[in-house]
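Rule-based calculations on the coordinates, nothing more; no lab input. Just so we're clear, the structure is a prediction, and the values are computed from it rather than from any experiment. In this analysis, Cβ positions are derived from the backbone assuming ideal geometry, glycine residues included, and neighbour counts consider all displayed protein chains.
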């Protein structure tokens, strides 16, 4: 796989540049766009807004993240998502209309797979069924390169991940994503993902390297101190099964109200500045 990532270096951090000029370094790299709704309602504007984005970035390709599953984040820091199954599928149809005939990378529902393992059986079955139907919509109605998120290497065993992927995936899905919004090292993530591929031999995968330059801070995943940026986005991964290293989590966006951070998803310039300052290769 070899294609140009889009570097969205327009002024997403204009309000912070004077106080924290270093944060602009983050947006010199390709970072993703996340699509979801905290209010749980389908937005009729997503297809128009996404369509404009796709025209703007042509011929490069953006990385898009779908994060709108009902009961998202099982009510934790990033709670929200569509209110109903019907609204969720409407959202995905609109997403496909926005993509048009382009083929962006799409990361599908971070943490939704591993969260299903902590739900009551009937609720988990309903979620997996909806994910399967949603992936059918995405792969039938668009040319997107879809990767199903499966969490990180310190969560589920590879065999369990493979079984869950068997339930929701289809033969048009490209593969899966690992380490989204987490800090596990690239080496550890690679080993774990390859173990999953041993049981799903047709899959390939991508690794979120946005904040894993120092690896994890114990088991602290919520704005842990002392972290730094990881390997910049590239398709040169050294492993045939690994399609790309990506910055899926936007460095500097808070994981939630923990370790002094604002609510999940808000840009936290102080934390972003520390990520940059702790990263030797960026200067």
| message | Could you identify which residue out of 184, 52, 227 has the top mean-square fluctuation in a GNM of the chain using Cα springs shorter than 10 Å? | response | 52
| task | Please compute the Cα-Cα pair-distance distribution of the stretch 50-102 with 10 Å bins starting at 0, giving whole percents from short to long. | result | 24, 40, 28, 8
| query | Looking at the chain, what % of its DSSP beta bridges pair antiparallel, to the nearest 5? | reply | 15
| query | Percentage of Cα-Cα pair distances in the stretch 21-128 greater than 22 Å, rounded to whole percent? | reply | 39
| note | Per-residue Cβ contact counts at 10 Å, fewest first, order 240, 255, 273, 220 as 240, 220, 273, 255
| message | What is the distance in Å between the Cα centroid of the stretch 121-187 and that of the stretch 204-219? | response | 18
| said: Please arrange 190, 119, 54 by how many other C-beta atoms lie within 10 Å of their C-beta, fewest to most. | reply: 119, 54, 190
| query | Using a Gaussian network for the chain with springs between C-alpha atoms less than 10 Å apart, which of these wobbles most: 159, 144, 272? | reply | 159
| field | Cα-derived Rg to Rh of the stretch 21-282, Kirkwood definition | value | 0.93
| Based on the Kirkwood radius over alpha-carbon pairs, what is the Stokes-Einstein translational diffusion coefficient of the stretch 88-149 at 25 °C with 0.890 mPa s viscosity, in µm²/s? | 201
| said: Give me the one-decimal Kirkwood hydrodynamic radius in Å for the stretch 176-283, with the sum taken over alpha-carbon pairs. | reply: 14.2
| Taking the Cα atoms of the stretch 105-259 alone, what are Rg (to one decimal) and Dmax (as a whole number) in Å? | 15.1, 43
| query | Dividing the alpha-carbon radius of gyration of the stretch 148-213 by 2.2 N^0.38 Å (N being the number of residues), what value is obtained? | reply | 1.02
